[in-house]
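All remarks here apply to the structure that follows.
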Amino acid sequence: MKKNYCLLATFLLVWTFTFAQKNKILFDVMFKDKKIGVLHALETKSKSKSLKVLTIETNTSFLFIPIHMESEVSTTQKNGILIEGTAYRNASRKSSDVIATVTKTGFRRYKRELNGVKDKIKNQRITFCVVDLYFKEPIGVTQVFSNMYAEMLQLKRVSVGKYQLITPDNNDTHYSYEAGKLVSVVANTPVGKVFSKRI
């Protein structure tokens, strides 16, 4: 009986990943007209669930000071609702390091932790996250959830296909779309603008 259960579970797991739809997008990351890294955006869909992972690693220098940054953001959604999200960032400027998690605990309720500080999100239905911006144009969306900041951020439509994500630390990011596909991202950082272009 136990052996049959294990065989069934293994079969279902293999079947799920066999028929999962995957969508991978790559962006060159540029700083001052020099390529400093690559951004990977991967979406895996299976039945009612969607897993999205955004990874980036960059290396450059500013005023002869080496600058390294790596980050990863992941979200799991079920029927379009965020059920779990994580964010990690390790930078040479240690004040920019981030470790964050958010987990759905009930109807419109989440628990979150940002750099060791725990609290709860109440009366919030999270359906659109920052990582979603890489896979579809946010038509009609005015707020998105940031796993990196562990909070909702305002999204402003600037013009046709162009959006501005407003952040608490004034490091706003601009997203540009053509025919519904993201083609470029311009992020304000403490050392200047970082430009990501779809490959």
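The values are calculated or read from the model by the stated rules, or taken from the named source; none is laboratory data. None of the values given here were measured: they were computed from a predicted structure. Neighbour counts run over all protein chains shown; Cβ positions are idealised from the backbone, glycine included. Quick note on the areas: whole protein, heavy atoms, side chains included, nothing else; ligands and nucleic acids left out. Shrake-Rupley method; radii C 1.70, N 1.55, O 1.52, S 1.80 Å.
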Subject >> Electrostatic dipole magnitude of segment 104-170 [Cβ: Lys, Arg +1; Asp, Glu -1; Cα centre; debye, to 20] >> reply: 360
**OP:** Return the subset of Lys24/Lys118; Lys22/Lys156; Lys45/Lys104; Lys49/Lys111 for which the Cα-Cα distance in this structure is over 26 Å, preserving the input order.
**Re:** Lys24/Lys118; Lys22/Lys156
Subject >> Most positive-pole-ward Cα, Leu153, Gln164, Ile199, against dipole of segment 109-199 from beta carbon charges >> reply: Leu153
**OP:** Pull out a ≥ b ≥ c, the square roots of the eigenvalues of the alpha-carbon gyration tensor of segment 126-199, then state rounded if a/c is under 1.5, prolate if not and a/b is larger than b/c, and oblate in the remaining case.
**Re:** oblate
Original post:
How large is ³J(HN,Hα) for each residue in segment 170-177, as worked out from phi by the Karplus curve 6.51 cos²θ - 1.76 cosθ + 1.60 (θ = phi - 60°), to whole Hz, x for Gly and Pro?
Top reply: 6, 8, 4, 10, 10, 10, 10, 10
Original post:
Under unit Cβ charges (Lys, Arg +1; Asp, Glu -1), what dipole magnitude, rounded to 20 debye, does segment 74-143 have relative to its Cα centre?
Top reply: 320
Subject >> Among Ser46, Leu114, Leu182 the positive-end extreme of the charge dipole of segment 40-194 (Cβ point charges) >> reply: Ser46
Subject >> Long-range HN-HN contacts of Asp172 with modeled amide H, under 5 Å >> reply: Thr167, Asn188
**OP:** Please give the per residue accessible area of segment 123-183, computed with a probe of 1.4 Å over protein heavy atoms only, in Å².
**Re:** 50
